[in-house]
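The values are calculated or read from the model by the stated rules, or taken from the named source; none is laboratory data. Owing to the predicted nature of the structure, the values given are computational and were not obtained by experimental measurement. We place every Cβ from the backbone using ideal geometry, glycine too, and count neighbours over all the protein chains shown. Only protein heavy atoms, including side chains, enter the accessible area calculation; ligands, DNA and RNA are left aside. Shrake-Rupley method; radii C 1.70, N 1.55, O 1.52, S 1.80 Å.
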Amino acid sequence: MNILVVKDYEEMSEKAAHIVVGKILSKPDSVLGLATGSTPIGLYRKLMDFYNCGLVSFAETITFNLDEYIGLSADCSQSYAMFMKNNLFNHIDIKRENCNIPSGTINDRSKECQYYEKKIKAHGGIDLQILGIGRNGHIGFNEPDVKFEAQTHIVKLDEQTIFDNARFFERSEDVPKSAISMGIKTIMQSRKIVLLASGKEKADAVFGMVKGQITPKLPASVLQLHPNVTLIVDEDAYSKINNNK
Ligand code: PGA
């Protein structure tokens, strides 16, 4: 794992944007795997800045998001589909038909999971996957004890995740209890992975991911087995590793 320790959230976002823009410049029709949550918002802002300066175009870029809440339609304000529109897609020249997010409202969920996997493969797989990490070590919505062989599947959200994500909802009871998520196998098949981590509250998960055992109890630890992972981590999120040197 290639580890880049940076000062703060701002620098983390900038470094990640450089990697994404470099990828798009070398392969404009790149397939990007995208994440939601607080962590990638700074990266998305930097991508908009690059786009607004005329330095990069996303006109040929394809994206696949990691996950979506079950029960939230794409036009619901807390859906990840809406998050992506508000935080990136509405502000760049990406074609809407090239932006893929699993449906949280489709009746036949297992068909949707298979369809999503097939679509990723039909586009030649993911060139660059962006990840955040949950305090419980989840990546996407792959919660502790996930099967490493899982492809896109329906997951029951962990209590910790529901608690952590309640800040995006009016009432904590409104947080959906399940989601559709790319699996660990889907993520591991990406050619390159960039994981972003910022803030003290991520220090335990980052420590486990980098220094701990490879175990489904901490899903991100599987990334130790991927040949092309870059972790961009700020000093706060790296603090437990630093303190245990
Ligand atoms: P956060 O979530 O970016 O909102 O901290 C990260 C994650 O759950 O992957």
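When the Cα centres of segment 26-46 and segment 183-236 are compared, how far apart do they sit, in Å?
Distance between centres, Cα-based: 17 Å.
Can you tell me the accessible area per residue over segment 1-114, all protein chains present, probe 1.4 angstrom, in square angstrom?
For segment 1-114, the per-residue accessible area is 45 Å².
Which one, D127, D108, D234, has the greatest fluctuation when you compute a Gaussian network model over the chain with C-alpha springs under 10 angstrom?
Its mean-square fluctuation being the largest, the pick is D108.
A 21 angstrom limit on the alpha carbon distance is what I want to check against. Which of K27/K95; K23/K240; K147/K245; K118/K202; K147/K217; K147/K177 exceed it?
Listed pairs above 21 Å: K23/K240; K147/K245; K118/K202.
Do the sum for the chain: with -39,500 (n - 2.57) for every DSSP H run of n ≥ 4, divided by all residues, what is the mean residue ellipticity at 222 nm, to the nearest 500 deg cm²/dmol?
-9500 deg cm²/dmol
With Cβ to Cβ distances under 15 Å as the rule, what net charge do the other residues near L72 carry (K, R +1; D, E -1)?
Around L72, the surrounding residues sum to -3.
When ligands, DNA and RNA are left out and all protein chains stay put, how many square angstrom of accessible area per residue does segment 176-220 have with a 1.4 Å probe?
With all protein chains present, segment 176-220 gives 38 Å² per residue.
Hey, any idea what % of the chain's accessible area is carbon plus sulfur with a 1.4 Å probe?
The value for the chain is 50 percent carbon and sulfur by accessible area.
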